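Okay, structure first, notes after.
The values are calculated or read from the model by the stated rules, or taken from the named source; none is laboratory data. None of the values given here were measured: they were computed from a predicted structure. Glycine also receives a Cβ, built like all others from the backbone with ideal geometry; neighbour counts cover every protein chain displayed. Accessible surface is based on the protein model in full, side chains and every heavy atom, while ligands, DNA and RNA are left aside. Shrake-Rupley method; radii C 1.70, N 1.55, O 1.52, S 1.80 Å.
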Amino acid sequence: MRDVLPEEIPIWERLESVARVLAGRFGYREIRPPLLEDTKLFIRSVGEVTDIVEKEMFTLEKGDGSLTLRPEGTAGIARAYLEAGYQHKAPLQRLFTIGPMFRYERPQKGRERQFTQFDVECLGSLDPRLDAELVDLAARFFEELGLEQVEVRINSMGDGADRDQYRDAVRMFLLPHMAERCDLCRSRFERNVLRVLDCKNETCRELNRDAPRLIDCLTPDNRGHFEAVQSALTAIGRKAQVDPGIVRGLDYYTRTVFELHAPALGARSALCGGGRYDHLLRDLGGPDLGAVGFAIGFSGTLVVLEQLGLSAKVSPKLLDVYAIAADESAREAVWKLASELRSAGFATVYDVEQKSLKAQMKQAGGGAYRFALVLGERELAENSVQVKHLATGRQQGVVRANLVSVLRTMLLEGA
Ligand code: HAM
């Protein structure tokens, strides 16, 4: 888990603001579910036999039950949707959240144990245009940040009859070589055979290479849905590559699944993952309404922005004023001036370390402030303030009573 230091906040704010603006433009409303949920919620949604539930959850046993720090956002949003009763009053809900998720993973570049997701969910409909809408929203997020080389990969996981048939086909395919596989695969073969296909072990991955593909046995209904998603994407000029290898590591997915990849990130290049989860609401005790969503990880996005030199383009936030006491006699006046400027809405800082005039000027010129204001014996006597615009070095004396309006004008003029 890592700290986000003040120097990194501007780029974080940029990601958050792009996310919020885009979500708003697509009609998605913010929802903020809690970070802790009943452990059973994740077992029922993400699935008991998955990496997340078997190995990665931070779980707290409390007297009255078991709580887990959310490893992902979809389950909590679906639960909140049902608890709020949207299924009765307004079933189609476009929702998003931005916040921390927790997984006990091996930390590496772009993967952390506490990480932030921009999670977008559209609940209450089976319409294939929504799958396309979400792919489009996710792709625009990266484009807006200046990342042009993000690839969209889509696949269909089927649902119902084709899924059952596929499970049998995978079992038949795996059976002859089960002895060569890792212990986890052997146990998953019995408990959740499809998860054998996303084992990370090298030998197992090699054995999975020629596994049957669900996309080859889709029912006409599910094939039609998948084709409709692709046509909806083509209609808006959004390119998506069909990749039968996208199987996703969570059990709730049905039909469309997709990932957005940045080839620059290498093997674990997914910046975004999502898809349909048409039966999750039903599995959590609600009606069978259909839903689709995705989550973008900020950590991976930041790594790619950094690699491409795009994070440096986000300018740090400047404070308006650094107020300087030129000599001892002005300290009290600077303290009062700072208070007055803060009341007038200017972000203002002053010296509390009794530094020399020269040291204070150096501090002011360090790149964090727009203006240095200097008060000394002479300014006190004349009822004025020296105002230095730090970017240009221009300096002028301003009558004390006019200071606020002069600063406002200069800021409005883009100083
Ligand atoms: P996911 O593929 O597990 O899907 O995660 C989505 C994205 O979150 C990943 O592509 C990655 O960018 C980021 N991510 C995941 N784990 C980590 C980690 N340990 N450190 C940094 N980033 C990470 C889900 O979470 C689904 N809930 C997505 C979804 C929403 N499906 C439907 N609706």
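Consider the stretch 285-298 and keep the residues that are out of contact with any helix residue (DSSP H, G or I) (no Cβ under 6 Å at 6 or more places or on another chain) and open to solvent by 10 Å² or more (accessible area, probe 1.4 Å). The one that is farthest from the ligand (Cβ to nearest atom) is Gly285.
How many of the residues making up the stretch 254-271 are outside any loop (DSSP other than H, G, I, E, B), within 19 Å of Ser299 (Cβ to Cβ), within 10 Å of the ligand (Cβ to nearest atom) and of a type in the set (A, V, I, L, M)?
Count: 4.
The requirement of being in the same structural domain as Ala19 (by TED's automatic domain parsing) and among the aromatic types (Phe, Trp, Tyr) is satisfied by Phe226. Taking Ala84, is it away from the ligand (no atom under 12 Å from the Cβ) and within 15 Å of the chain's Cα centre (by Cα)? Taking the combined requirement at face value, the residue does not satisfy it. Number of residues in the stretch 362-389 that are more than 14 Å from Ala330 (Cβ to Cβ) and without any contact (Cβ under 8 Å) to a residue 40 or more places away in the chain equals 6. Against the test of being free of Cβ contacts under 8 Å to residues at least 40 places away in the same chain and over 25 Å from Ser269 (Cβ atoms), the options Leu35, Leu41, Leu95, Leu60 yield a single qualifying residue, Leu60. When Arg94 is tested against the conditions (1) within 15 Å of the ligand (Cβ to nearest atom); (2) of a type in the set (Lys, Arg); (3) closer than 25 Å to Arg29 by Cβ; (4) not in a strand (DSSP E or B), the lone failure is (4). Pro71 meets all of the listed conditions (1) away from the ligand (no atom under 16 Å from the Cβ); (2) within 25 Å of Asp278 (Cα to Cα); (3) under 16 Å from the mean Cα position of the chain (by Cα) but one, namely (1).
When Met157 is tested against (1) within 30 Å of Leu305 (Cα to Cα); (2) within 13 Å of the ligand (Cβ to nearest atom), only condition (1) is not met. For the stretch 107-128, state whether one or more residues are in contact (Cβ under 8 Å) with a residue 24 or more places away in the chain and in contact with a His (Cβ under 6 Å, 6 or more places away or on another chain). Yes; the residues of the stretch 107-128 include at least one that is in contact (Cβ under 8 Å) with a residue 24 or more places away in the chain and in contact with a His (Cβ under 6 Å, 6 or more places away or on another chain). For the stretch 224-236, the set of residues classified as touching a residue at least 12 places away in the same chain (Cβ under 8 Å) and more than 31 Å from the chain's Cα centre (by Cα) is empty. Of all residues in the stretch 254-271, those satisfying the criterion of being buried (at least 22 other Cβ atoms within 10 Å of the Cβ) and polar (S, T, N, Q) are Thr254, Thr256.
Only a single item in (1) within 12 Å of the ligand (Cβ to nearest atom); (2) open to solvent by 10 Å² or more (accessible area, probe 1.4 Å) is not met by Glu148, and it is number (1).
Gly274 meets all of the listed conditions (1) at pLDDT below 95; (2) open to solvent by less than 10 Å² (accessible area, probe 1.4 Å); (3) outside any loop (DSSP other than H, G, I, E, B) but one, namely (1). At pLDDT below 95 and either on the phi > 0 side of the Ramachandran plot or open to solvent by less than 10 Å² (accessible area, probe 1.4 Å) (or both): does that describe Thr68? Spelling it out, it is not the case that Thr68 is at pLDDT below 95 and either on the phi > 0 side of the Ramachandran plot or open to solvent by less than 10 Å² (accessible area, probe 1.4 Å) (or both). Screening Arg29 on (1) among the charged types (D, E, K, R); (2) within 21 Å of Arg276 (Cβ to Cβ); (3) surrounded by 12 or more Cβ atoms within 10 Å (Cβ to Cβ) shows it passes everything except condition (3). Scanning the stretch 50-67 for residues that are of a type in the set (Val, Ile, Thr) and more than 16 Å from the ligand (Cβ to nearest atom) yields one hit, Thr59.
Once the stretch 237-253 is narrowed to residues that are within 16 Å of the ligand (Cβ to nearest atom) and over 23 Å from the mean Cα position of the chain (by Cα), the residue that is surrounded by the most Cβ atoms within 10 Å (Cβ to Cβ) is Asp243. The condition (being assigned to a helix (DSSP H, G or I), more than 19 Å from the chain's Cα centre (by Cα) and more than 12 Å from the ligand (Cβ to nearest atom)) is satisfied by just one residue among Ala132, Ala139: Ala132.
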